[in-house]
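Colleague: Questions regarding the structure given below will be posed in turn.
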2 protein chains.
Amino acid sequence: MTDDLVLRRQVCFALYAASRALTDVYRPILDEHGLTYPQYLVLLVLWERGDEAPTVSELGARLRLDSGTLSPLLKRLETAGFVDRTRSARDERRVEVGLTAQGRALRERMDEVPRRVARATGLTEAELIGLRDTLTRVTETIHRQKEQ
Amino acid sequence: MTDDLVLRRQVCFALYAASRALTDVYRPILDEHGLTYPQYLVLLVLWERGDEAPTVSELGARLRLDSGTLSPLLKRLETAGFVDRTRSARDERRVEVGLTAQGRALRERMDEVPRRVARATGLTEAELIGLRDTLTRVTETIHRQKEQ
DNA sequence: ACGAGATAGGTTGCGCGCAATCCAATTGCG
DNA sequence: CGCAATTGGATTGCGCGCAACCTATCTCGT
């Protein structure tokens with residue numbers, strides 16, 4: 001069954017290519033605000049948390065990114081003025097990541113972004129939901145397996 | 001409709017997370033052979049071409065990667081002994097990328113890899129095919145739009 | 001109260017991705 | 001033929017992702 005080793009048959013390549021293609025759609029939009037796509041994901045988490053100011057590892061759990069990725073990324077978001085980082089008073093090991101006024105203000109200006117991107121995929125609303133749920137299931141299956 | 005700005009609603013995050021999760025499945029398998037996932041993709045193209053020895057830009061067109069990514073990657077594959085690069089005689093600008101004996105030999109040892117990975121997704125064969133086709137459609141829609 | 005282990009986050013190093021730039025080879029147009 | 005424009009590939013720079021390692025802080029058992 002050597003034919004399985006053919007690029008166009010591989011789900012994995014389709015996933016890899018589609019992920020980069022979608023990032024291509026985001027790039028010019030986010031660029032107007034000086035953001036990268038992973039930085040935008042961090043802001044999405046902060047926006048959805050409201051005033052909770054998650055720690056670095058809570059952000060990491062949500063996005064499945066470690067401190068090696070998040071530390072410098074958050075430093076850049078802080079330099080850009082969207083975020084502030086404060087050592088927790090109760091536990092000096094923790095760093096709480098909160099939105100600045102500028103970071104909160106950005107949310108409204110980003111309101112229509114997901115719909116613009118969704119339109120670019122050419123999929124219907126139902127297809128998008130199905131795709132998202134299948135992908136989420138795959139991700140969770142894989143991570144559940146890794147835990148033992 | 002401010003609620004669209006919520007992480008778990010975003011297809012794009014599902015795609016990003018699933019792509020990294022699947023790469024996680026590949027990593028330990030490819031690691032046994034000293035390969036990274038993008039290097040494996042390059043080998044997939046070379047295996048499927050047989051004796052054709054595509055140029056760097058043909059590889060790039062297939063994988064949607066540019067010379068900035070491929071040049072150093074191919075240099076590493078050459079150092080590892082899987083690939084050779086030769087300037088084309090007819091057009092000195094072109095570099096043809098061919099498999100070494102070691103690169104060809106690797107193919108057999110990789111035979112069952114796609115099935116192992118497919119199993120890790122927890123999806124049925126039909127779901128995998130549907131997913132792949134949807135993703136391919138998305139990628140092609142996006143790239144068609146970019147061309148004008 | 002104290003010392004071993006766990007935990008949180010930062011740093012380093014490396015390999016992508018991608019934009020921007022550069023150079024050499026080729027093409028094409030007058 | 002001759003020169004401008006194009007093409008193919010390499011290089012540089014930067015921001016992820018991720019592994020490996022480090023330090024500071026906290027927890028918990030005794």
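The values are calculated or read from the model by the stated rules, or taken from the named source; none is laboratory data. As the structure is a prediction and not an experimental result, all values here were calculated from the model. Cβ placement follows ideal geometry from the backbone for every residue including glycine, while neighbour counts extend to all protein chains displayed. The protein model used for the area step is the full one, side chains on, heavy atoms only, and it has no ligands, DNA or RNA in it. Shrake-Rupley method; radii C 1.70, N 1.55, O 1.52, S 1.80 Å.
Colleague: Test of understanding: among B:Asp31, B:Asp84, B:Asp66, which residue is within 14 Å of DNA strand D (Cβ to nearest atom), at pLDDT 95 or above and closer than 30 Å to A:Arg119 by Cα? Show your work before the answer.
Modeller: Values: B:Asp31 fails: closer than 30 Å to A:Arg119 by Cα; B:Asp84 fails: closer than 30 Å to A:Arg119 by Cα.
Within the list B:Asp31, B:Asp84, B:Asp66, the selection yields B:Asp66.
Yes/no per residue for (1) over 24 Å from A:Ala61 (Cα atoms); (2) free of Cβ contacts under 8 Å to residues at least 12 places away in the same chain; (3) away from DNA strand C (no atom under 16 Å from the Cβ):
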{"residue": "A:Arg85", "(1), (2), (3)": "no, no, no"}
{"residue": "A:Glu96", "(1), (2), (3)": "no, no, no"}
{"residue": "A:Thr100", "(1), (2), (3)": "no, no, yes"}
{"residue": "A:Arg115", "(1), (2), (3)": "yes, yes, yes"}
{"residue": "A:Arg119", "(1), (2), (3)": "yes, yes, yes"}
{"residue": "A:Glu125", "(1), (2), (3)": "yes, yes, yes"}
{"residue": "A:Arg132", "(1), (2), (3)": "no, yes, yes"}
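Colleague: So how many residues does the stretch B:5-17 have that are open to solvent by 30 Å² or more (accessible area, probe 1.4 Å) and either more than 17 Å from A:Leu43 (Cβ to Cβ) or within 7 Å of chain A (Cβ to nearest Cβ) (or both)?
Modeller: Residues flagged as open to solvent by 30 Å² or more (accessible area, probe 1.4 Å) and either more than 17 Å from A:Leu43 (Cβ to Cβ) or within 7 Å of chain A (Cβ to nearest Cβ) (or both) within the stretch B:5-17 amount to 1.
Colleague: Looking only at the stretch A:47-64, which residues are within 11 Å of DNA strand C (Cβ to nearest atom), within 14 Å of chain B (Cβ to nearest Cβ) and open to solvent by less than 30 Å² (accessible area, probe 1.4 Å)?
Modeller: A:Pro54, A:Leu59, A:Gly60
Colleague: Checking the condition out of contact with any Gly (no Cβ under 8 Å at 6 or more places or on another chain), part of a helix (DSSP H, G or I), within 8 Å of another protein chain (Cβ to nearest Cβ) and basic (Lys, Arg), which residue from B:Arg20, B:Arg27 passes? Spell out how you get there, then give the answer.
Modeller: On the way: B:Arg27 fails: within 8 Å of another protein chain (Cβ to nearest Cβ).
Going through B:Arg20, B:Arg27 in turn, just one is out of contact with any Gly (no Cβ under 8 Å at 6 or more places or on another chain), part of a helix (DSSP H, G or I), within 8 Å of another protein chain (Cβ to nearest Cβ) and basic (Lys, Arg): B:Arg20.
Colleague: Please state which one of B:Thr36, B:Thr23 is within 9 Å of DNA strand D (Cβ to nearest atom), open to solvent by 10 Å² or more (accessible area, probe 1.4 Å) and of a type in the set (Ser, Thr, Tyr). It would help to see each step written out before you state the result.
Modeller: Details: B:Thr36 fails: within 9 Å of DNA strand D (Cβ to nearest atom).
It is B:Thr23.
Colleague: Scan the stretch B:103-113 and give yes if some residue there is in a helix (DSSP H, G or I), within 12 Å of another protein chain (Cβ to nearest Cβ) and within 12 Å of DNA strand C (Cβ to nearest atom), otherwise no.
Modeller: no
Colleague: Can you name the number of the only condition in (1) under 16 Å from B:Tyr16 (Cβ atoms); (2) assigned to a helix (DSSP H, G or I) that A:Lys75 fails?
Modeller: (1)
Colleague: Read through the list (1) in a loop (DSSP other than H, G, I, E, B); (2) within 14 Å of DNA strand C (Cβ to nearest atom); (3) closer than 26 Å to B:His143 by Cβ, then give the number of the only condition that B:Ala89 fails.
Modeller: Here B:Ala89 clears every test but (3).
Colleague: Further question: Return the residue satisfying two criteria in turn: it lies in the stretch B:65-93 and is out of contact with any helix residue (DSSP H, G or I) (no Cβ under 9 Å at 6 or more places or on another chain) and polar (S, T, N, Q), and of such residues it is most open to solvent (accessible area, probe 1.4 Å).
Modeller: Checked the stretch B:65-93; the qualifying residue most open to solvent (accessible area, probe 1.4 Å) is B:Thr79.
Colleague: Only residues that are assigned to a helix (DSSP H, G or I) and open to solvent by 50 Å² or more (accessible area, probe 1.4 Å): list them for the stretch A:137-148, please.
Modeller: The answer is A:Arg137, A:Glu140, A:Arg144, A:Gln145, A:Lys146, A:Glu147.
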